[in-house]
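Report on the following structure.
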Amino acid sequence: MLYASKSFTVEYPLSDANVCVLGVPFDSTSIAHPLQRYGPALIRNALKHLHYYIPEKKRAFDLRVHDAGDVDVAPGSFEETDRRVRDTVASIVRQNPKALLTVLGGEHSITLPVVRELKPRTIVSFDAHPDLWESHEGVSYSHATWLYHAAKELNCEIVLLGVRATMPEVEKTMKKLGVKTKLPSKLKGPVYVTIDMDSFDPAYAPDTGFPEPNGFTPKEIFELIDRVFASRVIGLDVTEVASDRFGNPTANLAARTLLRCWSNITR
């Protein structure tokens, strides 16, 4: 069953699209600024005002977007939301397995059901935090634990870029799981890419759940994105836009980041 409701008229049917956008407005495990539920709407609004052109690449690109709407999440229940996201992702993939699934969060816990369904061999996570706690604040499934569960369940390779806020016990988990903190020259495909907006320096993305100083510049992340997309990427998400204000710089940068990812589509 497809647990999604369309939020506005889309330009391309799913069967003709090379990108499928899906919103997951869930923020029930956030313990700092639970405004991530507004992320999908804010990012969509920002996307409407972008020209689909990358000046430094000196070319336009073939972008055919289908918007599948937002998953009807279950506030307060990660487990039920997980089931609904997985069912929706499965339905989208059945209808068009070639479209690049692009998920709009939401807090970072929403990545777990997506990768559970897609089963990538490598997860590349841009994040200021490892998100590798086995449990956090007594909760097993949250924005701080999703990557631990993904690594254990999928037995996939983890590349974690931008980490600068961690703890000794989590660093031990990173070592035990063989987490890479630099982008390898070659990634095992298929690859899933997840971008927490706190991977950017707060000067560029202030509206996140846990902003951390000394983060990436947009130029640095965009260059890394181009390198990641040299591999076969089957899905991506942008999470942790924590604001209820349209036109905020974090949502605008999230939209620009998605555009950079999409500019690498050659299929």
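A few points about this structure:
- Considering only residues in the range 20-73 that are of a type in the set (D, E, K, R) and more than 23 Å from ARG84 (Cα to Cα), the one that is most open to solvent (accessible area, probe 1.4 Å) turns out to be LYS58.
- Among the residues of the range 200-222, those that are surrounded by fewer than 15 Cβ atoms within 10 Å (Cβ to Cβ) and at negative phi comprise ALA203, PRO213, THR217, LYS219.
- Test: residue in the range 130-146 that is assigned to a helix (DSSP H, G or I) and within 26 Å of GLU220 (Cα to Cα): yes
- In the range 132-155, residue nearest to the chain's Cα centre (by Cα) [restricted to those that are more than 21 Å from ALA32 (Cβ to Cβ) and open to solvent by less than 20 Å² (accessible area, probe 1.4 Å)]: ALA150
- Checking each residue in the range 113-126 for being closer than 21 Å to ASN214 by Cβ and out of contact with any Gly (no Cβ under 6 Å at 6 or more places or on another chain) picks out VAL124, SER125.
- Selection of first residues in the range 83-99 that are touching a residue at least 24 places away in the same chain (Cβ under 8 Å) and of second residues that are of a type in the set (Phe, Trp, Tyr), restricted to Cβ pairs under 7 Å at least 6 apart or on distinct chains, gives the following pairs, ordered by first then second residue: ARG84/TYR3; ASP87/TYR3; THR88/TYR3.
- Of all residue pairs spaced 6 or more apart or on separate chains, those with beta-carbon atoms under 7 Å, a first member in the range 40-69 that is on the phi < 0 side of the Ramachandran plot and a second member that is of a type in the set (Asp, Glu) and open to solvent by 40 Å² or more (accessible area, probe 1.4 Å) are ARG64/ASP16; VAL65/GLU11.
- Test: ASN264 is of a type outside the set (Phe, Trp, Tyr) and in contact (Cβ under 8 Å) with a residue 40 or more places away in the chain: no
- If you go through the range 23-34 and keep only what is hydrophobic (A, V, I, L, M, F, W, C) and at pLDDT 95 or above, you end up with VAL24, PHE26.
- Hey, SER91 out of contact with any strand residue (DSSP E or B) (no Cβ under 6 Å at 6 or more places or on another chain) and under 25 Å from LEU63 (Cβ atoms) or not: yes
- For the range 223-267, filtered to residues that are of a type in the set (Asp, Glu) and buried (at least 20 other Cβ atoms within 10 Å of the Cβ), the residue that is nearest to the chain's Cα centre (by Cα) is ASP237.
- As for the range 172-189, it holds no residue that is in contact (Cβ under 8 Å) with a residue 24 or more places away in the chain, closer than 27 Å to LYS98 by Cα, in contact with a Pro (Cβ under 7 Å, 6 or more places away or on another chain) and buried (at least 20 other Cβ atoms within 10 Å of the Cβ).
- Screening the range 76-105 for residues that are in a loop (DSSP other than H, G, I, E, B) and at pLDDT 95 or above and picking the one that is surrounded by the most Cβ atoms within 10 Å (Cβ to Cβ) gives ALA99.
- When the criteria are applied in full, SER109 meets the requirement of being among the polar types (S, T, N, Q), assigned to a helix (DSSP H, G or I), open to solvent by less than 10 Å² (accessible area, probe 1.4 Å) and closer than 19 Å to ALA242 by Cβ.
The values are calculated or read from the model by the stated rules, or taken from the named source; none is laboratory data. This structure is a prediction, so every number in the text was calculated from the model and none was measured. Quick reminder, even Gly has a Cβ in these numbers, built from the backbone with ideal geometry, and neighbours come from all protein chains shown. Note: accessible area is taken over every heavy atom of the protein model, side chains too, but ligands, DNA and RNA are not part of it. Shrake-Rupley method; radii C 1.70, N 1.55, O 1.52, S 1.80 Å.
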